[in-house]
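Peer 1: Below is one structure. I have some questions about it.
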Amino acid sequence: MSRKQMPGVIGVFTAADLDDAFPAGLPMVWPITEDIKIPTHWPLTKDVIRFAGDAVAVVVAGSRAQAEDAAEEVAVRATELPVVLDLEEAAKDQVVLHEDLGTNVVVHWSHGGGGDQAIFESAPVVVQERHLQPRLIPNAIEGRGCLAYGIPAAGEFTLVSSTQIPHITRVGLSITTGIPQTKLRIIAPDVGGGFGSKLNIYAEEALALALARQLGRPVKWIEDRQENYLATTHGRGVIHDCTLAGTEDGKILGLKFVELADMGAYFQLLTPGIPELGGWVYMGPYDVDAYWYEFTGIMTNATPTDAYRGAGRPEATYVIERLVDAFARRIGKDPAQVRRMNLHPPHVDAQTSIMGLNVDSANYEPTFDRALELAEYDQMRKEQAARRESGDVRQIGIGLSSYIEMCGLAPSEILGALRYVAGGWDAAEIECRPFGKVVVRTGTSPHGQGHDTSWSQIVADGLGITPDDVEVLHGDTAVSRLGMDTYGSRSAAVGGEALRQAVEKVKEKARIIAAHELEVSEDDLEWADGAFRVRGAPDKARTIPDLATSAWQAHSLPQGVEPVLEGTAVYDPPNFTWPAGTHVCVVEVDTETGKTDVLRYVAVDDCGVVINPMIVEGQVQGGVAQGIAEALYEEAVYDGSGNLMTSSMTQYLIPSAMEIPDMILDRTETPSTTNALGVKGIAEAGTIASPPAVINAVVDAVSHLGVTEMGKPASPERVWRAIQEATKGSPGVSGGLDGATPAQQEGGAS
Amino acid sequence: MTQIAVTVNGTRREADVEPRTLLVYFLREQLGLTGTNVGCDTSSCGACTVHLDGESVKSCTLLAVQADGREVMTIEALAEADGTLHPLQDAFHRHHGLQCGYCTPGMLMAAASYLKENPTPTEAEVRESLEGNLCRCTGYQNIVESILDAAGQMSGAKS
Ligand code: FES
Ligand code: FES
């Protein structure tokens, strides 16, 4: 049936039909090495379908139903090509995804190491393990979607998109579509979650804009959940060969990691940079003498990977913490004791770490001790011993995870050195309206992080007004002109600090006006109880709303002072921030069914100074829930021909309120030295810390039966098989869904 | 096209719908009630929960024609007409029971109908009642707390 005959169909387009629409492919902004091989990524594929989700045509129709009906009728004539999904197979280049690149091995990056590398051979104890971390699907409950409209004759376009990054998207889509940045406005409305999956610039956004331009009418696209699973970026998908060098009495001498990372079929915005982000935290919170990290990025016939909550740092923390437990088992010591004796000593000021960057401040022991106390660690060990003694069917396991993360992305100079295309600054504008209200325009782009609340609080505290008098505007490039958006736990540490600086600028100007009006010198004024007051005569005072009104009226301003009370700050952080913490998970494993229940979860985090405790706790709870999901339930599985088998929420298991426990949370507070707020960041901590805490607990529950290996997710089947294998000595399979990626089975301790 | 008459949030609405139109799209697109969200295609997430004749249902699992002659209540009608929040909404607000807010309309509608059935639930019962509603942001803890708090407020108010 031709497109003309289908009701409501406006057009059907392939890459050939849109050849002129895209001067460039979709952007990738982190070419991390000089010799990285970058495949061109067109919004519609021009030749080869490289993954299920690589679109070949787009149907535009008057309604969703009409478009879906027509899409059903689009016949694709394709020749079946071999696919490769396994990382080590792909590295052999027997099937090459991008002919022009000549290889699937597209990037290799090394941290370059630190300390004496000979330790990894010569240490008294050397633990080596291989760990596989499966692909995950981020699953923001709101999928992606966008609406493009404009005035084609004027060349002006607006894209409303469910994105975390309106500002970066404006730059990127301008390059892809050729619409000048001056004529392109991006609006991120209330966005329903992201977790890194909307930290990207997607084919559908570029297509909607190009089609709105071509057709001269608004074009809307809304993703359904299956499309989300196929075409929105995945996370993780890595294999690590890990080495820990240590002594018999428990000192960790060195940590070394060699990683293979699944890039998927193309690079999305940051794909090759994600493993590298983890590359700076592979020493964990430990004081080690030697460090090594390198990774190889490999193309496979699967959805591109990119940032997923934690981005590189959960992958790192998982293997470090698994390894520390394996080390403790090897030398017969308590894992808590081993961790504690290796924690890096505290420092108030920034100090250079073995990986070469400066850690802003650190005080890990109090955090660690508090976590053990809240978990009633000794009591739990006794309970465990009793259950082991009695041979209880339900065994208890206790898992620890101590982590450090790198947040507050990022000092622009370091980003430049790491070959990232953009800077890491952020911006804030404060406009004090007459008669009391204040408008804030922030460059951050919240999608559940509560910036409206926290930013109002920063401004209200600083200007002596109430949070209700502050209106925070964000997520629209025509409103917040400047910004670098929200990801990588950067918003408070960078955008929040920019806002604090804008507050100071407002106050500087306000002080000049106050002194003029009160007829005293500026030095005679002090800021007290929310107003500038004359020292010694506190009733002679001017509040910010008073001064905002005067500045707006401009009837009598001091010489040289411009009307209107406002302040803008663009802040480039001098350093990253380095939150840290310890989580403890207690699980009960049914040794007959392999089912794991989380009995207790304790998270003690140190994210520096806290602006709003309720929001910080909410971030930890949500992050831990995602980490528990990663540890026990979630895994994206492909069949041998590259079809995603977990292609809906009925196959990909997102935990409900039934599976996620109440958490016991506490904090210590070691102020960051990077910013004057002293904040470090908290949005990813839960997801970084929790997967190894949970898996360590599962292993600990059944280690007395001989189980030492456990993959993610620790599904009942996987746990049951591991127990069977250990107790019967029979050669079972300890992998995931059988037949999925058999070559990627987890290796064992040596 | 089929003609249906549905009482939505107390108002009788007559409309022509395609027989295959799902209730959720009828509400969102034909009536403009976009408070009800869509998060999946497999009746897994509960973002689309509304009340049909007082009981919570996933509006993506019903056809609009199945609502013919019945009463539908959506999130838009949960608060009082004067804007006073329902005790559940108020509790979610106070306990930080939402982050991105996308699952929230469904959570609220599911909880509102559950509390009618069981006005004084235990924590475990609340968790069980939410089994069909997924949230990716909150880890559920504050949602559960909000519902328990609202249950207390509502049963306290009645007694
Ligand atoms: S949209 Fe109805 S259950 Fe997900
Ligand atoms: S608040 Fe975002 S999905 Fe629940």
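The values are calculated or read from the model by the stated rules, or taken from the named source; none is laboratory data. Values in this document were obtained by computation on a predicted structure and should not be read as measured data. With ideal geometry, Cβ positions are generated from the backbone for all residues, glycine too; neighbour counts draw on all protein chains shown. What goes into the accessible areas is simple: the full protein's heavy atoms, side chains included, and nothing from ligands, DNA or RNA. Shrake-Rupley method; radii C 1.70, N 1.55, O 1.52, S 1.80 Å.
Peer 1: Mind telling me which of the residues A:ARG309, A:ARG340 ends up being in the same structural domain as A:ALA636 (by TED's automatic domain parsing) and in a loop (DSSP other than H, G, I, E, B)?
Peer 2: A:ARG309
Peer 1: Continuing with this model, one more query. Residues being more than 18 Å from A:GLN133 (Cα to Cα) and of a type in the set (Ser, Thr, Tyr): count how many of those fall in the range A:666-718.
Peer 2: Counting residues in the range A:666-718 that are more than 18 Å from A:GLN133 (Cα to Cα) and of a type in the set (Ser, Thr, Tyr) gives 6.
Peer 1: If you don't mind, another one. Considering only the range A:594-640, state which residues are of a type in the set (Ser, Thr, Tyr) and either crowded, with 20+ Cβ neighbours inside 10 Å or modelled with pLDDT under 95 (or both).
Peer 2: Selection gives A:THR596, A:TYR601, A:TYR638.
Peer 1: When both residues are 6+ apart or on different chains and their Cβ atoms are under 9 Å apart, which pairs have a first residue that lies in the range A:207-235 and is within 14 Å of A:THR158 (Cα to Cα) and open to solvent by 10 Å² or more (accessible area, probe 1.4 Å), and a second that is among the hydroxyl-bearing types (Ser, Thr, Tyr) and at pLDDT 95 or above?
Peer 2: Partner pairs satisfying both residue conditions: A:ARG213/A:THR177; A:ARG217/A:TYR149; A:PRO218/A:TYR149; A:VAL219/A:TYR149; A:LYS220/A:TYR149.
Peer 1: Looking at the range B:134-142, can you tell me whether even one residue there is more than 9 Å from every other protein chain (Cβ to nearest Cβ), of a type in the set (Gly, Ala, Ser) and farther than 23 Å from B:VAL24 by Cα?
Peer 2: Within the range B:134-142, none of the residues are more than 9 Å from every other protein chain (Cβ to nearest Cβ), of a type in the set (Gly, Ala, Ser) and farther than 23 Å from B:VAL24 by Cα.
Peer 1: Let me ask you something else. Looking only at residues in the range B:116-146 that are part of a loop (DSSP other than H, G, I, E, B) and over 20 Å from A:GLN621 (Cα atoms), which one is most open to solvent (accessible area, probe 1.4 Å)?
Peer 2: Restricting to residues being part of a loop (DSSP other than H, G, I, E, B) and over 20 Å from A:GLN621 (Cα atoms), the top hit is B:THR120.
Peer 1: Search the range B:89-101 for residues that are touching a residue at least 12 places away in the same chain (Cβ under 8 Å) and pair each with any residue that is within 16 Å of ligand 1 (Cβ to nearest atom) and among the β-branched types (Val, Ile, Thr) when their beta-carbon atoms are under 8 Å apart and the residues are at least 6 apart or on different chains.
Peer 2: Listed by first residue and then by second, the contacts come to B:PHE92/B:THR104; B:GLY97/B:THR104; B:LEU98/B:THR104; B:CYS100/A:ILE141.
Peer 1: Please go through the range A:373-416 and give me each residue that is open to solvent by less than 60 Å² (accessible area, probe 1.4 Å) and basic (Lys, Arg), ordered by number.
Peer 2: A:ARG381, A:ARG387
Peer 1: When the range A:513-540 is examined, which residues are found to be open to solvent by 20 Å² or more (accessible area, probe 1.4 Å), over 15 Å from A:LEU463 (Cα atoms) and not in a loop (DSSP other than H, G, I, E, B)?
Peer 2: A:HIS516, A:GLU517, A:GLU522, A:ASP523, A:ASP524, A:ALA537, A:PRO538, A:ASP539, A:LYS540
Peer 1: Specify which of the listed residues (B:ALA151, B:ALA111) is away from every other protein chain (no Cβ under 14 Å), open to solvent by less than 60 Å² (accessible area, probe 1.4 Å) and of a type in the set (A, V, I, L, M, F, W, C).
Peer 2: Being away from every other protein chain (no Cβ under 14 Å), open to solvent by less than 60 Å² (accessible area, probe 1.4 Å) and of a type in the set (A, V, I, L, M, F, W, C) holds for just one of B:ALA151, B:ALA111, which is B:ALA151.
Peer 1: Looking only at the range A:188-197, decide whether some residue is at negative phi and away from every other protein chain (no Cβ under 14 Å).
Peer 2: no
Peer 1: Here is a list: A:GLY155, A:GLY192. Which entry is more than 26 Å from A:TRP425 (Cβ to Cβ) and within 16 Å of ligand 1 (Cβ to nearest atom)?
Peer 2: Just one listed residue meets the conditions, A:GLY192.
Peer 1: Now for a different question. Restricted to the range A:635-664, and to residues that are in a strand (DSSP E or B) and more than 9 Å from chain B (Cβ to nearest Cβ), which residue is farthest from B:LEU130 (Cα to Cα)?
Peer 2: By that ranking, first place goes to A:TYR638.
Peer 1: Taking helices (runs of 4 or more DSSP H) that do not extend beyond the range A:373-467, which have at least 1 residues that are within 20 Å of the chain's Cα centre (by Cα)?
Peer 2: Per the criteria, A:412-417, A:451-463.
Peer 1: Same structure, new question: Run A:ALA70 past the list (1) more than 30 Å from A:ILE32 (Cα to Cα); (2) among the aliphatic types (A, V, I, L, M); (3) open to solvent by less than 80 Å² (accessible area, probe 1.4 Å); (4) free of Cβ contacts under 8 Å to residues at least 40 places away in the same chain and report the number of the one that doesn't hold.
Peer 2: Evaluating A:ALA70 over (1) more than 30 Å from A:ILE32 (Cα to Cα); (2) among the aliphatic types (A, V, I, L, M); (3) open to solvent by less than 80 Å² (accessible area, probe 1.4 Å); (4) free of Cβ contacts under 8 Å to residues at least 40 places away in the same chain leaves (4) as the failure.
Peer 1: Also: Only one of B:PRO105, B:PRO121 is closer than 30 Å to B:GLN3 by Cα and within 14 Å of chain A (Cβ to nearest Cβ). Can you tell me which?
Peer 2: B:PRO105
Peer 1: Checking the structure you have, find out if any residue of the range B:75-82 is part of a loop (DSSP other than H, G, I, E, B), within 16 Å of ligand 2 (Cβ to nearest atom) and either open to solvent by less than 50 Å² (accessible area, probe 1.4 Å) or modelled with pLDDT of 95 or more (or both).
Peer 2: no
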